[in-house]
1. For helix 156-168, report the angle its Cα long axis makes with the longest principal axis of the Cα atoms of the chain; keep it between 0 and 90° and round to the nearest 10°.
2. Can you work out the accessible area per residue across the range 160-257, with the rest of the protein chains kept in place, probe 1.4 Å, in square angstrom?
3. Roughly what % of DSSP beta bridges within the range 256-443 run antiparallel, to the nearest 5?
4. Would the range 127-270 count as rounded, prolate or oblate if I go by the C-alpha gyration tensor, calling it rounded below 1.5 in a/c and otherwise prolate when a/b exceeds b/c, oblate otherwise?
5. Using a 1.4 angstrom probe with every protein chain in place, what is the largest-first accessible-area order of 358, 300?
6. For residue 278, what accessible area in Å² do you get when you roll a 1.4 Å probe over the heavy atoms of the protein chains, rounding to the nearest 10?
7. Just the number, please: percent antiparallel of the DSSP beta bridges in the chain, rounded to the nearest 5.
8. Please compute the length gained on full extension between residue 60 and residue 43, using 0.36 nm multiplied by the number of residues separating them and subtracting their Cα-Cα distance.
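The values are calculated or read from the model by the stated rules, or taken from the named source; none is laboratory data. Here the structure is a predicted model, which is why all the values come from computation and not from measurement. Positions of Cβ are generated from backbone atoms using ideal geometry, with glycine treated the same way; all protein chains shown enter the neighbour counts. What goes into the accessible areas is simple: the full protein's heavy atoms, side chains included, and nothing from ligands, DNA or RNA. Shrake-Rupley method; radii C 1.70, N 1.55, O 1.52, S 1.80 Å.
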Amino acid sequence: MPDVPKQLFIGGSWVDAADGATMPVDNPATGEIICHVADAAPQDAQLAEDAAVQAQEDWARTSPRARSEILRRAYEIVLGRTEELAHLVTSEMGKPLAEARGEVAYAAEFFRWFSEEAVRIEGSYGTLPDGRIRMLLGRRPVGPSLLITPWNFPLAMGTRKIGPAVAAGCTMVLKPAPQTPLSSLALAAILKEAGLPDGVLNVVTTSRAGQVCEPLLRGGRIRKLSFTGSTAVGRLLIAQSAEGVVRTSMELGGNAPFIVFEDADLDVAVDGAMTAKMRNMGEACTAANRFFVHRSVTEKFAQRLAARMGALVVGPGTQDRVDVGPLIDVAGRAKVEELVADAVERGARVLIGGSTPKGPGCFYPPTVLTDVDPSSRLMDTEIFGPVAAILGFDDEDEVVHRANATTWGLVGYVFTEGLNRALRVSERLELGMVGLNTGLVSNPAAPFGGVKQSGLGREGGRVGIEEFLEYQYLAMPVR
Ligand code: NAP
């Protein structure tokens, strides 16, 4: 395992938790403990917040070019360490090395993208309609920000928040998921090497998320919360943010519909399904959760998908030729098992997979279920595992209605060769993002985010930096 710091990163220094506590980091492929990292207590988070608050004024005054160049250097360092970082991600999170390399490239790209955005923060100058007042409209950083990330893309979820915060001139306290703290600690070391001033980024790894974060959100000094994780936790954090009127960006859960019309190219649809379902072992907010396939092609699509899923090699992510790594932990796998058992009880047919292998590690096989009953729990629960649940449908109105019949609205996928139908259906779907004849939408240059209970705000794209910027309007009489 690559050598990364195991301490908290506060004010530019590596320090132990005040009470000396540590927490274990497991390898989900073996269940073995890889190492221990510092386990921050609330007083450590206060020190991290102090450092961020103290650094804010000077950091906001740095030139956009200086901030841009730090991000550019960090981009180059991350890419230059692709192998090392990929091994790190695989060892703490489980995804196969090939996917981990892909995540490193994706993560680095957020640094490059926001290094380019840092120098394009614009204001405006004009006269108000009555002709008596000049309006100078400027932008300023929102201020010290709390960033909370999940375990499923431990590098990329960090850079997707750190990139725009650095570009905008915000200081940060980053709290990564306890399953995957090492990637965030590695990022902190890289940013320090790239020249990020002390105190701008602080990282607190902790097993006590609630105790550590709530005082920060309620304390009045943190001005921004950027959270990626489940809708349940997001809702709680929005409530905690209300007291201090903290600005929030929320990237929450999904329940993606994957719609295949009768005129779809089935090769393209099956390829898209493999990506939308199997990227990250299905542990992605963008993972296709409900496959709606026109009844005239349901069986054909299901059989072809089962053949492709059945050919995947399951095993530890570090081994060559492995396509599917372990799930994150025992609890994550137990949830998948329960959802499959429930669907089967309600009449689903198992075409492939469906039973947990014996042995160490949190492995679950690629699984295809068809004839899934709409009342099955997995229709309204994020599966977060390699399970494709297929249902037939008869017409366009019906499928749009069923796709929208959920509280989530992150992403969906539509497969059809008809241009008008593709656009008509997409416009009717209550989703922040739609993949048209593709199973992949994520790209640092595009605005990522959802509607309904999938979130607030967007990450990436031209609008990503806006989440970390405020307006300031100066009024000046014309004289
Ligand atoms: P989670 O349980 O909501 O946890 C996410 C993060 O929030 C973790 O760091 C977690 O730390 C922390 N957290 C939990 N309770 C907290 C509290 N009371 N105060 C402060 N922090 C708290 O989600 P997860 O299981 O790690 O990740 C999977 C979820 O993330 C899925 O729903 C997925 O769809 C979503 N996700 C969304 C996107 C997107 O962009 N929309 C991207 C990736 C993932 P602890 O584990 O210590 O509680």
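1. So the inclination is approximately 30 degrees.
2. Details: 2520 Å² over 98 residues.
In whole numbers, the range 160-257 has 26 Å² accessible per residue.
3. Working: 3 of 23 bridges.
So the antiparallel bridges in the range 256-443 amount to around 15 percent.
4. On the way: a/c = 1.65, a/b = 1.18, b/c = 1.40.
Oblate, since a/c reaches 1.5 and b/c is not below a/b.
5. Details: 358 195, 300 120 Å².
The ranking, largest first, comes out as 358, 300.
6. 20 Å²
7. Just about 45 percent of them are antiparallel.
8. Values: separation 17, 0.36 × 17 = 6.12 nm, distance 2.57 nm.
Residue separation times 0.36 nm, minus the Cα-Cα distance, leaves 3.5 nm.
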